[in-house]
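For reference, the structure discussed in these notes is given below.
The values are calculated or read from the model by the stated rules, or taken from the named source; none is laboratory data. In this text, all values refer to a predicted model and were calculated from it rather than measured experimentally. Backbone-built Cβ (ideal geometry, glycine too); neighbour counts: all protein chains shown. What goes into the accessible areas is simple: the full protein's heavy atoms, side chains included, and nothing from ligands, DNA or RNA. Shrake-Rupley method; radii C 1.70, N 1.55, O 1.52, S 1.80 Å.
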Amino acid sequence: MEESELETGEDRNFVTALARGLEVLRCFRPNEMTLTNQDIATRTGLPKPTVTRLTYTLRKLGYLVHSERTGTYRLGAGVLSLGYGVLAGMEIGDRAAEEMRGLCDGPNPHVTAALGERHRLKVVYMAVRRSHQAVSLTMNVGARLPLFHSAIGRAILVAMPEQERAHMIYLAEQEHPEDSRKIRDSVARALDDFARYGFCTSFGDWRAEVNGIAVPVMSLNGDRIYGLNVGGPSFLVAPEQLIADYGDRLKAAAELLSRQGVQP
């Protein structure tokens, strides 16, 4: 489990069985087709008999498919329909796609633009616009980036109310106490960047070969925070060009999305 907030034995409203079922579904990683009950037990820390009951139930509901031959599970159509239902309900596709297309039509043909939202201590890509060039970032919808070390994560953090941001820091330090200084330095840098530029940066902080900048985007009623980024391979997309050629473009796109409404 990624966050200590799931350990909520004293919360009478918290349904542990539901949380555990969702943890099972989250065990599947990009480009990973199948898992065994033992794989899932190892990743979740749950007893194998508990995992067996959970995978059986999820299979009955259509969220997992079981192979009798190999004894493995793969994600079923139920997960896909649920995911598309969530994306459709957000109603951000057309407007975000238009702005991301404009960003990718800028002076550097190797950039990628994306819109994402926080899920626990990650940012999940909800929409992606990729350059048509052979060399660009191969990130897809559903990709997960670190909240504290990616530009898009930092943009979401700076837009949070101070109390919520402090809670995110607490959760991250609970999960990785050895990285406490790095986590706090990352937040301080995000706030400094936003005050200086009006956007956040990550130049090799998440991955050495990736540069990016990002801005927060607020939902129409202000209760959800998204991040909008643009970036690319560090050997083709320099920090100086992102700041000089894409900073104002990115801020204008975010202002338009926030003002005219990314629907909740």
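Below is a table of values for the structure above.
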quantity	calculated
V124-N31 pseudo-label distance in nm [points 7 Å out on the Cα-to-Cβ vector]	2.1 nm
Distance from the range 227-247 to the range 12-63 (C-alpha centre basis), Å	38 Å
Rg to Rh, two decimals, where the range 165-227 supplies the alpha carbon set and Rh follows Kirkwood	1.01
Unit charges on C-beta of K, R, D, E only; dipole of the chain, Debye	800 debye
Protein accessible area in the chain, 1.4 Å probe - carbon and sulfur %	50 percent
Bins of 10 Å from zero: percent of alpha-carbon pairs in the chain	7, 27, 31, 24, 10, 1
In Å, descending, principal axis extents of the Cα set of the range 177-264	37, 35, 21
Length added when fully stretched, A208-L256, from 0.36 nm per residue minus Cα-Cα	14.2 nm
